[in-house]
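Participant: I'd like to ask you about the structure that follows.
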Amino acid sequence: MTTLPTTTQKKLGLVIDLDTCVGCHACVISCKGWNTENYGAPLSDLDAYGGEPEGTFLNRVHTFEVTRDTAPPMVVHFPKSCLHCDNAPCVTVCPTGASYKRQEDGIVLVNESACIGCGLCAWACPYGAREMDGAEKVMKKCTLCVDRIYNENLPEIDREPACVRTCPAGARHFGDFADPDSNVSKLTRERGGFDLMPEQGTAPVNKYLPPRGRDTLDMPDLASMCDPAPENAKGFLGWLDRALERL
Amino acid sequence: MHPAPSLILFTVLSGIGFGLLVWLGLGLSAPVGLAAFILFGLGYGLAGAGLIAAAFHLGHPERALKAFTQWRSSWLSREAVLATATMAVMAPHAASSAFAATPLPLFGWLGAALALVTIFATAMIYTQIKAVPRWHHWSTPPVFVLAALAGGAMLAAQTTLAHFLMLALAAAMVAHWIAGDKRFAQSGSTTGTATGLASLGRVRLLEPPHSGRNYLLREMVHVVGRKHAHKLRLIALGFGAIFPALLLMLPASYGTIALALIVHLTGMTAQRWLFFAEAEHVVGLYYGKR
């Protein structure tokens, strides 16, 4: 049923640290790798060796520049995947019941065998978190690696989403937001985690941590030290200066 | 948004088809015999053709029956249920009018009400989407409903009614454009809110996440063709509503109604094309495009 649960027992999700992310795209690749080989239809590539290659991805890293009035510009790498919203507009628009939000852990999933590929859920998502697979014609989205996090065949250290497991910078954190003492709840509290596009009313579960303030050096104005050549140069250089002036 | 031909055909054809069924069901024009066969056939044919066109938009049309299950939450599902219900409920009225020369008003009225709600449900599929601010506004459903009722009244040869409905449609289109042009700014979504970095400074995209195209850009960031928006608005307004309204003031004949119909359908196709092409999805903010 595509009505949303009023509450979920757990609120599993990610914290993404925009301060730490180095924009290496490792999360993009590990996500594609895991989700191509496991749950659901593989994430296809189209025209992979041709002139206009494209593919289905569940996670993508954008890079933004923030221009500031009193400080140098800041480059912010910005990974974006499904935010597993509490008020997920993608779920309620689904005509077949293929899209659903799980009551037990709040993960938003697609039952691919019930998906008619109408694309309305992708339209309803303000974040562009859903992509229709070009080959399978069913809607693909982040599953929060539902086939890893509960998978007892994996070593315990690997029971977290592939993107989190692979991140070399430690910029991605996985946990339960319903638990105020979880790592993600603490991080969100301490670092001022925020929602993307709160005005859209989606109540995202995933939170983003802002870039920390950059260090500022207390140093003199370098430009003022770069005086132009002295007016009355002497010796050879002075002669050269005067000779060139006369030309 | 990408103006898919299947969706333009679906909304225009099934709209006018259900609009015709509204008037036939209400008994404003109560044809019997061959005339009823042709008119009800036209209503059912147009509505059905539109729904079939919509099925071409699906990735897996073989699973389309599942779309009847989620009417509690989904306007698309409601639309499917209502469209089918309209056709089923109207059928005794249609068959009895055509083959027994006895209209069955009870089925007709109920069918007309269902047809009207079906048109509204079609509009709500788009109106409900908050991520497309231009659509998410009260001015969207009147365009769909009035277009269907005006076109349907024209097909039912209710020329006076159709004339006034065409004028109302013209007003609804203009209202939708005027309101729509302000909607994106009113939604409050900017690159700053999309990234949450607005408090730090001015935010712009430095590098996109991929150099090629993808589903999101193809489907939701349709920027080509908007440069002719102004001309297309004039075509939509003139051909879709004003010229048909003027033609309907002439003495009614098959010729004028056929001409008005062709002009109206041309204009409505332009209107629907613009409805999709002009609509900007907030996801474009993540790509530095709208």
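Participant: Quote the convex hull volume per residue of the range B:1-128, based on C-alpha atoms, as a whole number of Å³.
Facilitator: Expressed per residue, the convex hull around the Cα atoms of the range B:1-128 is 102 Å³.
Participant: Can you compute the FRET efficiency between A:ASP179 and B:HIS228 using 1/(1 + (r/R0)^6), with r the Cβ-Cβ distance and R0 = 51 Å? Round to the nearest 0.05. Could you put the intermediate results ahead of the total?
Facilitator: Numbers: r = 55 Å, r/R0 = 1.07.
Working from the Cβ atoms, E equals 0.40.
Participant: Taking Cα atoms, how many degrees apart are the long axis of helix A:26-37 and the longest axis of chain A, rounded to 10 and kept between 0 and 90?
Facilitator: 20 degrees
Participant: Here's another thing I want to ask about it. Could you work out Rg/(2.2 N^0.38 Å) for the range A:1-101, with Rg from alpha carbons only?
Facilitator: Output field value: 1.39.
Participant: Then there's this: For the range B:160-290, what is the convex hull volume of the alpha-carbon atoms per residue, in Å³?
Facilitator: Working: hull volume 15.4 nm³, N = 131.
Here the figure is 118 Å³ per residue.
Participant: Going Cα to Cα from A:LYS11, which aspartates and glutamates come in below 18 Å? Please leave out same-chain ones fewer than 8 positions away.
Facilitator: A:ASP86, A:GLU104, A:ASP105, A:ASP147, A:GLU160, A:ASP176, A:ASP179, A:ASP181, A:ASP195
Participant: Quick check on the exposure proxy: order A:ILE157, B:ILE178, B:ILE125 from fewest to most C-beta atoms within 10 angstrom.
Facilitator: By the 10 Å Cβ count, ascending, the order reads A:ILE157, B:ILE178, B:ILE125.
Participant: I've got another one for you. Taking only Cα atoms of chain B, what ratio of Rg to Rh do you get with Rh as the Kirkwood inverse-distance radius?
Facilitator: Dividing the radius of gyration by the Kirkwood radius yields 1.03.
Participant: What pairs in A:LYS207/B:LYS227; A:LYS137/B:LYS130; A:LYS186/B:LYS182; B:LYS130/B:LYS231; A:LYS101/A:LYS137; A:LYS10/A:LYS80 have C-alpha atoms more than 29 Å from each other?
Facilitator: Among A:LYS207/B:LYS227; A:LYS137/B:LYS130; A:LYS186/B:LYS182; B:LYS130/B:LYS231; A:LYS101/A:LYS137; A:LYS10/A:LYS80, the Cα-Cα distance tops 29 Å for A:LYS207/B:LYS227; A:LYS186/B:LYS182.
Participant: Under the rule a/c < 1.5 gives rounded, and otherwise a/b versus b/c splits prolate from oblate, where does the range B:85-194 land using the Cα gyration tensor?
Facilitator: oblate
Participant: Among A:LYS186, A:LYS140, A:LYS234, which one shows the biggest mean-square fluctuation in a GNM of chain A, springs joining Cα atoms closer than 10 Å?
Facilitator: A:LYS234
Participant: Also, I was wondering about something else. Counting other beta carbons within 10 Å of each Cβ, put A:ILE107, B:ILE16, B:ILE262 in order, fewest first. Don't skip to the answer; put the middle values down first.
Facilitator: Numbers: A:ILE107 22, B:ILE16 29, B:ILE262 12.
Exposure proxy ranking, most exposed first: B:ILE262, A:ILE107, B:ILE16.
Participant: Amide H of A:SER99: which non-local residues (sequence gap of 5 or more, or other chain) have their own amide H closer than 5 Å, using H built in the peptide plane?
Facilitator: Sorted by chain and number, the residues that satisfy this are A:ASN111.
Participant: If you don't mind, there's one more thing I want to ask. When B:HIS228, B:HIS281 are ordered from fewest to most other Cβ atoms inside 10 Å of their Cβ, what list results? Walk me through the intermediate numbers first.
Facilitator: Details: B:HIS228 12, B:HIS281 27.
In order of increasing Cβ crowding within 10 Å: B:HIS228, B:HIS281.
Participant: Report the relative contact order of chain A, percent, no decimals, based on alpha-carbon pairs under 8 angstrom and at least 6 residues apart.
Facilitator: 27 percent.
Participant: Plugging the Kirkwood radius over Cα pairs into Stokes-Einstein for the range A:12-209, at a temperature of 4 °C and a viscosity of 1.567 mPa s, what D comes out in µm²/s?
Facilitator: This corresponds to a translational diffusion coefficient of 74 µm²/s.
Participant: Also: Could you give the length gained by full extension between A:GLU65 and A:ARG159, i.e. 0.36 nm per residue of separation minus their alpha carbon distance, to one decimal place?
Facilitator: Values: separation 94, 0.36 × 94 = 33.84 nm, distance 3.40 nm.
So the chain would gain 30.4 nm between A:GLU65 and A:ARG159.
Participant: Right, next: Would you mind computing, in nm to one decimal, how far apart the modelled labels at B:LEU106 and A:ALA48 are, each placed 7 Å from Cα along Cα→Cβ?
Facilitator: 6.4 nm
Participant: Which far-off residues, 5 or more places away or on another chain, put their amide H under 5 Å from the one on A:LEU18, with H placed in the peptide plane?
Facilitator: Residues meeting the amide H criterion: A:LEU209.
Participant: Using only Cα atoms, tell me the angle between helix B:159-187 and the longest principal axis of chain B; keep it within 0 to 90° and round to the nearest 10.
Facilitator: So the helix axis and the longest Cα principal axis differ by about 10 degrees.
Participant: Moving on to the next point. For the protein assembly as shown, rounded, prolate or oblate, judged on the Cα gyration tensor with a ≥ b ≥ c (square roots of eigenvalues), a/c < 1.5 rounded, else prolate if a/b > b/c?
Facilitator: Verdict is oblate for the protein assembly as shown.
Participant: Is any residue of the range B:11-33 close enough, with backbone N under 17 Å, to a label point placed 7 angstrom from the Cα of B:ILE52 along the Cα-Cβ axis, and if so, which?
Facilitator: B:11-18
Participant: Would you mind calculating the relative contact order of the range B:160-290 from Cα pairs under 8 angstrom and at least 6 residues apart, reporting the percent as a whole number? Present the calculation step by step, with values, prior to reporting the outcome.
Facilitator: Values: 117 pairs, mean separation 48.2, N = 131.
Computed value for the range B:160-290: 37 percent relative contact order.
Participant: While we're here: Please report, to two decimal places, log10 I(q)/I(0) for the range A:136-227 at q = 0.12, 0.14, 0.15 Å⁻¹ as given by the Debye formula with identical point scatterers on the Cα atoms and no solvent.
Facilitator: -0.58, -0.71, -0.78
Participant: Given just the C-alpha atoms of the range B:209-278, how large is their convex hull per residue in cubic angstrom?
Facilitator: Hull volume over Cα atoms, normalised by residue count, gives 80 Å³.
Participant: Using 7 Å Cα-to-Cβ label points, what is the B:LEU259/B:PHE164 separation (nm, one decimal)?
Facilitator: With each label placed 7 Å out from Cα toward Cβ, I get 2.5 nm.
Participant: Could you check the spin-label model distance between A:ARG214 and A:LYS186? Points 7 Å from the Cα along Cα→Cβ, value in nm.
Facilitator: 3.0 nm
Participant: Continuing with the same structure: Please find the FRET efficiency linking B:GLU62 to A:ASN111, where r is the Cβ-Cβ separation and R0 is fixed at 22 Å, and quote it to the nearest 0.05.
Facilitator: Given R0 = 22 Å and the Cβ-Cβ separation, E is 0.90.
Participant: Follow-up. Can you list the residues, at least 5 places off or on another chain, whose amide H is less than 5 Å from the amide H of B:LEU206, using H built in the peptide plane?
Facilitator: A:THR63, A:PHE64, A:GLU65
Participant: In addition: Hey, for a label at A:GLU104 modelled as a point 7 Å past Cα toward Cβ, could you say which residues of the range A:151-184 have their backbone N under 12 Å away?
Facilitator: A:151
Participant: I've got another one for you. Would you work out the relative contact order for chain B, in percent, from Cα pairs under 8 angstrom that are 6 or more residues apart?
Facilitator: Relative contact order comes out at 24 percent.
Read-outs throughout are calculated quantities, based only on the coordinates presented, and are distinct from any laboratory measurement. Just so you know, these numbers come straight off a predicted model, no measurement behind them. Here the Cβ is made from the backbone with ideal geometry for all residues, glycine too, and neighbour counts use every protein chain on show.
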